[in-house]
Amino acid sequence: MEDMPAKLAIAVLGVALGAALALLLRRDAPRKSTVFYHDPVTMAVIGGLLAFGIAQTVVENKVEWSQSVTQIDSAEKLDAFVAEAQGQPVLVDFYATWCPPCRAMSPNVNTIALEGSRVAVVDIDLAPDLAERHQVESVPTLLIFREGKVVRMEVGYHSTDELRALLKG
């Protein structure tokens, strides 16, 4: 509920944009056109609903990470995190906040980290260079590092048990 003012503000913006679009379309339409998208009120309502829906999606796309998960946003940080592992396997989850499988898998990643595994996450929208460096073409993509090198790449949703198995190798 604390996000409701932001959602409503975006919905009001959608109302204004919908009405403006309808007025622009109406200006070029034949005089007796009854097509719904020429009506500013209808377009304002549609614009408001669409904007509210988009706002709802944006707000709900937050991914919450436990303090046991290290968030990485640069190559230097990733290299240092992997180097600090001292032989322990490292799981790196490349994800995006807009990706439903990524959001669904985030509790599993948190669980693995809380159990003591070395886990880092990379938001591909905030660190596209890292995604490119590791040839991440879709999300979620998991990389398993051992002794500083990538030994396995997995794409797609994985359960907690599957993540444990990947780390055991």
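The values are calculated or read from the model by the stated rules, or taken from the named source; none is laboratory data. This is a predicted model, so every value here is computed, not measured. Positions of Cβ are backbone-derived with ideal geometry, glycine not excepted, and every protein chain shown enters the neighbour counts. Ligands, DNA and RNA are excluded from the accessible area calculation, which covers all protein heavy atoms including side chains. Shrake-Rupley method; radii C 1.70, N 1.55, O 1.52, S 1.80 Å.
Taking the conditions (1) in a helix (DSSP H, G or I); (2) open to solvent by less than 20 Å² (accessible area, probe 1.4 Å) in turn, V92 satisfies each one other than (1). Once the range 120-159 is narrowed to residues that are β-branched (V, I, T) and open to solvent by less than 80 Å² (accessible area, probe 1.4 Å), the residue that is farthest from S106 (Cα to Cα) is V150. The set of residues from the range 97-119 being at pLDDT 95 or above, assigned to a loop (DSSP other than H, G, I, E, B) and buried (at least 16 other Cβ atoms within 10 Å of the Cβ) comprises just one member, S117. Residues being under 13 Å from the mean Cα position of the chain (by Cα) and modelled with pLDDT under 95 are entirely absent from the range 30-37. Scanning the range 128-169 for residues that are of a type in the set (F, W, Y) and closer than 21 Å to E76 by Cβ gives a single hit, F145. From the list V122, V136, the lone residue that is of a type outside the set (F, W, Y), within 10 Å of F94 (Cα to Cα) and assigned to a loop (DSSP other than H, G, I, E, B) is V136.
When A165, A80 are checked against the criterion of being over 14 Å from V63 (Cβ atoms), free of Cβ contacts under 8 Å to residues at least 24 places away in the same chain, assigned to a helix (DSSP H, G or I) and open to solvent by 50 Å² or more (accessible area, probe 1.4 Å), a single residue qualifies: A165.
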